[in-house]
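The block underneath contains the structure these notes are about, expressed in structure tokens.
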Amino acid sequence: MNWINAFEIICYFITLLLLKDIIQKKDKNEFFLFLSACLTGFILELLAVRLTGIYHYSSDYYISIGIKPYQFPFFGGLMWGGLTVCALRLAKKFNFNTIMSSLFAGWMIVSMDILLDVVAIRLDGGFWIWEGRPITYAINHHMFMSVIWVNFLGYMFEVPSMVFLTLKYARKEEKSSIWSLMVSVCISLATVAIVGIASGASLFLDSITDEWFSCIAFILLWIIVLIKPMSLILKQRERLLLSGKKDWTLLIFWMSIYAYCISALFHLGIMEAVPIYGVFAAFLAAMTLVLILVDIEK
């Protein structure tokens, strides 16, 4: 089995595990957030590969949707849903407000993606291929180790928008499942529109700034969103606990992805070639593990 299909199977497994947990908890908000994020992922990816010409996906996946060469792996849409739910679960543990919860959820996903994308374009010919972009270790205003900056910036548009809209809806009184489904679809379409406009603007600004815009915008957002939530968590440090019931689904979900990424970094020799990046990967994995394990004393 190659690395592409191994990751595909891992993602199906952890997504099914998450769905089982959501259903057992009867958490309608998480279920409809999952649906919204899945639908958004499918729409955005299928539109992006068809309209932008920036990249295309491998044909080696077990299950893909769309017509070649514009296909998209089916598990990818499911993972948009799973990652969004799991990122929000982490944010909600620390009593952030709606805006900070939304930004932190986006930060958690894009931080993981900084590792996943670097290995994904190198394993087995690439999970996907950036058109006309060489595979190097260079980090500059054009690319981060061969991943374009606007790819990372897009997560900071998509996830916070969806989570913010979902949290706003969740505050309202209980509605029927049909009504909740309709709202989920509307949230998804609204998120697609926001991402489309923001990404289009970013690509335009990149075209007139030699791609400096997405590079600077993402780095600034990433640092700001790291500092603010961490400062809020540190203010509650006397109430942080390692005891108590653990969310094993959350632990398995996040650590499966990080374990895959770090294993791939070793397999590809990136840990040896770029040691500082290896340290960064270990930091992200360790920080995520700590955030999963700690709780705030009520």
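Every number in this text was worked out from the coordinates using simple rules, so none of it is lab data. Because the structure is predicted, anything quoted here is derived from the model rather than measured. Heads up, the Cβs are rebuilt from the backbone with ideal geometry, glycines too, and the neighbour counts pull from every protein chain shown.
Quick notes on this structure:
- With each label modelled as a point 7 angstrom along the Cα→C-beta vector, the Ser177-Leu242 pair spans 4.2 nm.
- Under the membrane-span-like helix rule (DSSP H runs whose alpha carbons stretch at least 30 Å along the helix axis, mean Kyte-Doolittle hydropathy 1.0 or higher), the chain yields 3-25, 28-51, 98-120, 177-209, 212-235.
- Here the extension length gained between Ile227 and Val279 equals 16.8 nm, from 0.36 nm per residue of separation less the Cα-Cα distance.
- Paramagnetic label zone (point 7 Å from Cα along Cα-to-C-beta, Val290; backbone N under 18 Å) in the stretch 265-281: 278-281
- Radius of gyration (Cα atoms) of the stretch 69-205, expressed as a multiple of 2.2 N^0.38 Å: 1.17.
- Stokes-Einstein, applied to the Kirkwood radius of the chain over Cα pairs at a viscosity of 1.002 mPa s and 20 °C, places its translational diffusion at 108 µm² s⁻¹.
- Cubic angstrom per residue, convex hull over Cα atoms of the stretch 83-147: 109 Å³
- Stretchable slack from Ile23 to Asn97, in nm (0.36 nm times residue separation minus alpha-carbon distance): 24.1 nm
- Environment charge at Trp128 (Cβ cut-off 15 Å; Lys +1, Arg +1, Asp -1, Glu -1): -3
- The aspartates and glutamates within cross-link reach of Lys246, meaning a Cα-to-Cα straight distance under 12 Å and a gap of 8 or more places when in the same chain, are Asp295.
- Across Lys26/Lys245; Lys25/Lys168; Lys20/Lys235; Lys168/Lys245, pairs whose alpha-carbon gap is larger than 30 Å: Lys20/Lys235
- Note on the stretch 252-292: Rg/Rh from C-alpha atoms, Kirkwood Rh, equals 1.00.
- In range of the label at Cys186: residues from the stretch 30-47 whose backbone nitrogen is under 19 Å from the point 7 Å along Cα→Cβ: 30-40
- Only Cα pairs under 8 Å and 6+ residues apart enter the sum, and on that basis the relative contact order of the chain stands at 21 percent.
- For Leu16 and Ala138, a Förster radius of 30 Å and the Cβ-Cβ distance give a FRET efficiency of 0.20, rounded to the nearest 0.05.
- Relative packing of 74-85, 185-196, which averages over residues the other C-beta atoms within 10 Å, highest first: 74-85, 185-196
- Normalised convex hull volume, the stretch 1-159, alpha-carbon set, Å³ per residue: 119 Å³
- The loop-placed chymotrypsin sites (Phe, Trp or Tyr not before Pro) in the stretch 94-180, going by DSSP, that have at most 15 neighbouring Cβ atoms within 10 Å of their Cβ come out as Tyr137.
- Overall Cα dimensions of the stretch 131-271 - principal axes, largest extent first, Å: 50, 39, 31
- Span from the the stretch 115-161 Cα centroid across to the the stretch 190-267 one, whole angstrom: 14 Å
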